[in-house]
Amino acid sequence: MKKGWISIIGGFVLGIVISFFTLEYNGWQIIRHGRDGIAYQKINDLDIDLLHNSFLIIVVSCIGIYLVLTLLEKRRNRVN
């Protein structure tokens, strides 16, 4: 049970750190101008690709940490 929680929390933290340093936020910004050239509406859109890629990095980090902990546990049990 501890291995599962450690992999989830560690994967979440490691995934966020990796995502922060490797992915760029390219949010869309739409500005509507009136006839006189003054901006009267500004729309900020969310970058779905960033969320998707961050989620995938977090999942892969969780699985990687779980596999490493499983291998270490098997190696420790084989030595004893």
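The values are calculated or read from the model by the stated rules, or taken from the named source; none is laboratory data. The model shown is predicted, which means the values in this text are computed figures rather than measured ones. In this analysis, Cβ positions are derived from the backbone assuming ideal geometry, glycine residues included, and neighbour counts consider all displayed protein chains. Just so you know, the surface numbers come from the protein's heavy atoms only, side chains and all, with ligands and any DNA or RNA stripped out. Shrake-Rupley method; radii C 1.70, N 1.55, O 1.52, S 1.80 Å.
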task: Taking the residues in the stretch 29-38 that are open to solvent by 60 Å² or more (accessible area, probe 1.4 Å) and out of contact with any Phe, Trp or Tyr (no Cβ under 8 Å at 6 or more places or on another chain) as candidates, determine which candidate is nearest to Ile16 (Cα to Cα).
output: Gln29
task: Determine the pairs where a residue that is among the hydroxyl-bearing types (Ser, Thr, Tyr), located within the stretch 24-49, has a partner that is surrounded by 10 or more Cβ atoms within 10 Å (Cβ to Cβ) and outside any loop (DSSP other than H, G, I, E, B) with Cβ atoms under 6 Å apart, the partner being 6 or more residues away or on another chain.
output: Tyr25/Leu50
query: Restricting the stretch 1-28 to residues that are over 30 Å from Glu73 (Cα atoms) and loosely packed, with under 12 Cβ neighbours inside 10 Å, which is nearest to the chain's Cα centre (by Cα)?
result: Phe20
field: Every residue from the stretch 1-13 that is free of Cβ contacts under 8 Å to residues at least 24 places away in the same chain and either in a loop (DSSP other than H, G, I, E, B) or touching a Ser or Thr at 6+ places or on another chain (Cβ under 8 Å) (or both)
entry: Met1
- prompt: In the stretch 14-36, how many are under 19 Å from Leu51 (Cβ atoms) and outside any strand (DSSP E or B)?
  reply: 14
task: Output the number of residues of the stretch 53-68 satisfying the condition of being surrounded by fewer than 12 Cβ atoms within 10 Å (Cβ to Cβ) and of a type in the set (Ser, Thr, Tyr).
output: 0
- prompt: Of the residues in the stretch 49-59, how many are under 12 Å from Phe12 (Cβ atoms) and among the hydrophobic types (A, V, I, L, M, F, W, C)?
  reply: 4
message: Can you go through Leu50, Leu71 and tell me which one is outside any loop (DSSP other than H, G, I, E, B) and open to solvent by 90 Å² or more (accessible area, probe 1.4 Å)?
response: Leu71
Failed criterion for Lys42 (all others in (1) touching a strand residue (DSSP E or B) at 6+ places or on another chain (Cβ under 6 Å); (2) surrounded by 13 or more Cβ atoms within 10 Å (Cβ to Cβ) hold): (2)
